[in-house]
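Colleague: Okay, here's the structure, questions in a sec.
What follows is calculated from the coordinates using simple rules that are stated; it is not laboratory data. The shown structure was predicted, so the numbers you read here are calculated from the model rather than taken from an experiment. Glycine gets a Cβ as well: all are built from the backbone with ideal geometry, and neighbour counts include every protein chain shown.
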Amino acid sequence: MRAPGAPIIASKAAGETVLTSALVVQAPPAPSVAVAGTDDRFPVHRIYCVGRNYREHVKEMGGDPAREPPIFFTKPADAVVPSGAGVAYPPRTSNLHHEIELVVAIGRGGSNIPVDSALEHVFGYAVGNDLTRRDLQAEARKRGAPWDTAKGFDASAPITSIRRADDIGHVASGRIWLEVNGELRQQADVVEMIWSVPEVIAELSTYFALAPGDLVFTGTPAGVGPLLPGDLVAGGVDGIGTLQHGVVAT
Ligand code: MN
């Protein structure tokens, strides 16, 4: 017999259960990203990010790309902000940085995915800005503390609509760039990534079970720098699209 107050679990399908109890607070909105050229939306499950994936960026951060392989960190799914929006200058920082990145949208999940078949798990590609509180990141690195406050804050993941791989193919090269108020700050080619897209997916899937709806920010090239209230950011990857957003004073 069910204990008083215990949730009612109803069998839905083999291996799957569903809670039929009332929710005690309002359910959070389900974050999603537009799919280019359609009215469809891509539901965001998790946001994974790769750090230190371009040699020149590792060097500008004071690291040695020969000794420090890329790393993974995460942002909350609801950090996504659509292109064209204004991003409020976040609290608790005086050094907000831009990081333009190729983003991979996962359409099929899996664990321990082989490099050779990794692209079969890709739904499409977008362009994102891995907004970073650089001062908090520097402090965290010094203390050996987590990066969450530096990377995983509200509205920290502006992103374009997603282009379907079925439409544009897979992205192994192409100019990646970012301008602030029309001034070029970052420019490289995604072919320069230390871990390619298939290698990122394969490696990431050994740590986490990837699922449909996951987004993977694949790292930023050199040229990261500060954003100020009033700035207009534009950035892109050839063949995918252009991300635009403002930075709004708070
Ligand atoms: Mn980044």
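Colleague: Cα centroids of the range 181-250 and the range 121-165: how far apart, whole angstrom?
Modeller: Cα centres, the range 181-250 to the range 121-165: 8 Å.
Colleague: Continuing with the same structure: Restricted to Cα positions, what overall size does the range 162-223 have along the principal axes? Three whole-Å values, descending.
Modeller: Answer, in whole Å and largest first: 40, 26, 19 Å.
Colleague: A follow-up question, please. Report, by chain and number, residues whose modeled amide H sits under 5 Å from the one on Ser32, excluding near sequence neighbours (fewer than 5 apart, same chain).
Modeller: So Ser32 has HN proximity to Val44.
Colleague: Could you work out how far helix 197-207 tilts from the main Cα principal axis of the chain, as a 0 to 90 degree angle to the nearest 10?
Modeller: Once rounded, one gets 50 degrees.
Colleague: Any idea what Rg and Dmax come out to for the chain if you just take the C-alpha atoms, in Å?
Modeller: When restricted to the Cα atoms of the chain, Rg and Dmax are 19.1, 68 Å.
Colleague: Could you work out the relative contact order of the range 153-233, using alpha carbon pairs under 8 angstrom and six or more residues apart, expressed as a whole percent?
Modeller: Taking the mean separation of contacting Cα pairs over the length of the range 153-233, I get 31 percent.
Colleague: Return a whole-number percent for the relative contact order of the range 29-248, with Cα pairs under 8 Å and 6 or more residues apart as the contact set.
Modeller: Working: 567 pairs, mean separation 71.2, N = 220.
Normalised by residue count, the contact order of the range 29-248 is 32 percent.
Colleague: Take the Cβ-Cβ distance between Glu192 and Ala22 as r, set R0 to 41 Å, and report the resulting FRET efficiency rounded to the nearest 0.05.
Modeller: On the way: r = 52 Å, r/R0 = 1.26.
That gives a FRET efficiency of 0.20.
Colleague: If I fit a long axis through the Cα atoms of helix 134-143 and take the longest principal axis of the Cα atoms of the chain, what angle between them do I get, 0 to 90°, rounded to 10?
Modeller: 80 degrees
Colleague: For the chain, what proportion of DSSP beta bridges, expressed in % and rounded to the nearest 5, is antiparallel? Write down the numbers at each step before the final one.
Modeller: Numbers: 47 of 57 bridges.
Antiparallel bridges make up about 80 percent of those DSSP assigns within the chain.
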